[in-house]
Structure formats: C-alpha cells, structure tokens
Amino acid sequence: MRLRFWGVRGSVPTPGPATLEFGGNTPCLELQGAGEDVILFDAGTGIRPAGIDLLARAAGRPLRIHLLLSHFHWDHIQGLPFFTPLFRSNSHITIYSSGFSAALSEALHGQMSAPYFPVPFASVAARVDLVELGSRTATIGSVSVTPVEVNHPQGACAYSVESDGVRFLYAPDREHGDARLDAVLQEAARGATVFVSDAQYTPEEYEAHRGWGHTTWAESARVAREAQVKSLVLFSHDPSHSDELLRRIEKDARREFADTFVAKEGWEFEL
Ligand SMILES: [Zn+2]
C-alpha cells in the first residue's frame with residue numbers, strides 16, 4: 001500500500017512561485033493498493049486533480065469511492081463540488097464522517113446550495129451514500145478505518161487506518177493542550193507505521209495562534225517519538241510557509257525525530 005498526497009496545505013489554497021515544491025492544494029490523501037475500491041481522506045482542493053486522475057485510471061469503468069472527512073472546515077470540503085466523479089452516473093461514492101464534528105448531510109448540502117454554488121448536492125449524477133460513523137470502525141475491503149476524537153474548534157477526528165498489519169494515523173487538524181485528547185491521540189499513534197500529523201506552525205508562531213486548532217512540528221515530533229511510530233509526515237502546512245521554510249522545518253524536525261518528512265503534493269509514500 002502507499003499514500004498519495006493530493007493536497008497538503010492547511011487553511012486556504014496557496015498557488016504561486018513560493019509553494020511550487022511542496023504544493024498549494026488543501027488536504028486530500030489517497031490510500032492506494034488496498035484493493036479495487038478507492039479510499040480518500042478529506043476533500044480539500046487536492047481532490048480535484050485526484051478526481052481527474054481516478055477517471056483516467058478507470059478508463060470508463062464504474063468507480064467505487066470511499067471518502068472519509070475529518071471535519072467540515074472549508075479547507076477539508078471545498079474541493080468536493082469540483083470532484084468530477086460526483087457528476088458521473090457510474091460512480092458510487094460513500095462519504096463518511098465521525099461523531100466528533102457537525103452533521104454530515106447538512107454540511108455537504110449547505111456548501112453546495114444557493115448562493116454559494118449553482119449545482120445542488122442533491123442533484124449530482126453519482127450514487128452517494130452518507131455514513132456518520134460516530135466512533136465506529138468502517139470496513140472497506142481489507143482496510144479498517146476508525147475515527148479518533150481530536151482537539152479542534154467545532155470538533156474533528158483523526159482516522160486510524162489498518163490493513164494487513166500496517167497501520168497509519170491521519171491527524172490533519174489538531175491542537176495539543178487538552179490532556180484527555182492528547183492522551184487519546186498518543187495512544188492511537190502508538191506503534192503506527194506512519195503518523196500524518198498537523199504541523200501548521202513553528203513553535204515560535206504557535207504562541208500567537210493558541211486556540212486556533214493547530215499544533216507545531218515540534219509537538220508532532222514529540223508525539224512520534226513517545227508513540228514510537230516508524231515515520232512522521234508533517235502535514236497541513238501554514239499558507240504563509242514557503243518551500244524554503246518547509247525545507248528548514250524538515251531539517252529541524254529531523255533533529256527531534258529522524259524519520260520525519262514534510263508532506264509534498266504529488267508525493268507517494270510506501271507503507
Ligand atoms: Zn480545521
């Protein structure tokens with residue numbers, strides 16, 4: 001299996017010369033090689049190129065897609081109205097959420113309603129099923145996916161994903177500092193093959209952004225070390241972070257946790 005990073009940026013898309021290397025699309029991650037079904041995490045603007053690629057790979061065959069949403073902040077759903085498989089009648093898309101943020105149906109219909117978008121969510125051509133997991137595990141072929149509550153304004157989840165003895169934890173948006181939820185995350189990360197972690201801020205930037213719902217690369221490295229994960233992937237880069245700064249962050253983070261990588265758009269990570 002491998003992870004394909006379609007979007008790695010937090011908050012808002014950041015096209016431009018300063019982000020060419022790491023990319024400017026907001027979160028979307030694909031788990032590849034786990035069977036015929038497509039498994040995607042979050043629907044930031046990275047899901048638009050993902051959809052184009054999926055249709056090309058399917059070459060006219062029906063697509064069976066599972067999309068797991070961590071929460072409904074714009075940067076995690078804003079690509080969905082531009083996800084081409086949604087407008088194909090031979091797509092079957094199941095969209096999942098956890099019980100730790102808002103109601104799934106209202107959020108998705110809401111963003112594709114007047115005056116925000118011309119095509120109502122109810123009228124898309126694909127067959128769409130909505131599943132609110134609460135804290136239950138979803139089984140998709142050989143893959144099991146379990147929501148894990150995280151500390152984030154208005155609620156969000158991480159997903160603990162397991163298949164054939166390989167486990168990764170996808171925790172795109174979270175802030176440290178809540179003792180109960182810090183312990184929950186630490187436990188979920190324990191022994192993971194890969195920990196994809198919010199690293200929006202540098203430790204210096206964090207002080208001015210306390211309570212905004214994000215953590216730092218240093219805190220992510222601390223969790224990775226204590227949970228003895230194999231690899232740490234820093235994710236949800238701040239819109240103000242240039243390629244140059246992200247390269248520096250990777251260097252700094254590797255001093256704290258050697259197997260650290262800064263997520264890069266288009267990158268494939270073997271599990
Ligand atoms: Zn968020």
>> Taking loop as defined by DSSP and a crowding limit of 12 other beta carbons within 10 Å, which chymotrypsin sites (Phe, Trp or Tyr not before Pro) in the range 93-172 fit?
In response: Tyr116
> For Leu271, what is the net charge nearby, where nearby means another residue's Cβ is under 15 Å from its Cβ and Lys, Arg count +1, Asp, Glu -1?
Replying inline: -2
>> Shape verdict for the range 153-271, please, from the Cα gyration tensor: rounded (a/c under 1.5), prolate (a/b greater than b/c) or oblate.
In response: oblate
> Using the Karplus equation 6.51 cos²θ - 1.76 cosθ + 1.60 (θ = phi - 60°), what ³J(HN,Hα) coupling, rounded to whole Hz, does each residue of the range 197-203 give in order, writing x for Gly and Pro?
Replying inline: 10, 3, 8, 4, 10, 7, x
>> Please state the shape class of the range 65-178: rounded when a/c is under 1.5, otherwise prolate if a/b exceeds b/c and oblate if not, all from the C-alpha gyration tensor.
In response: oblate
> How long is the gain from Gln228 to Phe82 if the chain were fully straight, where each residue apart is worth 0.36 nm and the alpha carbon distance is subtracted?
Replying inline: 48.7 nm
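How large is Rg over Rh for the range 1-112, taking Rg from the Cα atoms and Rh as the Kirkwood inverse mean of 1/r across Cα pairs?
0.96
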> In what sequence do Asp164, Asp178, Asp198, Asp238 fall when counting other Cβ within 10 Å, fewest first?
Replying inline: Asp164, Asp178, Asp238, Asp198
> When only C-alpha pairs under 8 Å and at least 6 residues apart count, what is the relative contact order of the chain, in percent?
Replying inline: 19
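Around Gly99, under 10 Å between beta carbons, what's the net of Lys plus Arg minus Asp minus Glu among the other residues?
Within the 10 Å Cβ shell, the charges total -1.
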> Per the Debye formula with a single identical scatterer at each Cα and no solvent contribution, what log10 I(q)/I(0) holds for the range 191-247 at q = 0.20, 0.24, 0.31 Å⁻¹?
Replying inline: -0.72, -0.95, -1.24
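Full extension from Ser105 to Trp212: what is 0.36 nm times the residue separation minus their Cα-Cα distance, to one decimal in nm?
Extra length available between Ser105 and Trp212 comes to 36.0 nm.
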> Exposure proxy check: Thr202, Thr19, Thr26 ranked by fewest other beta carbons within 10 Å?
Replying inline: Thr202, Thr19, Thr26
> Given the alpha-carbon gyration tensor of the chain, what are the semi-axes of its equivalent ellipsoid in whole angstrom, ordered largest first, with each equal to the square root of 5 times an eigenvalue?
Replying inline: 28, 20, 19
> Tell me, what is the percent relative contact order of the range 153-252, built from C-alpha pairs under 8 Å that lie six or more residues apart?
Replying inline: 28
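Read the figures in this text as sums done on the coordinates, not as results from a lab. Bear in mind that the values here come from a model prediction, so they are computed numbers and not experimental data. Positions of Cβ are backbone-derived with ideal geometry, glycine not excepted, and every protein chain shown enters the neighbour counts.
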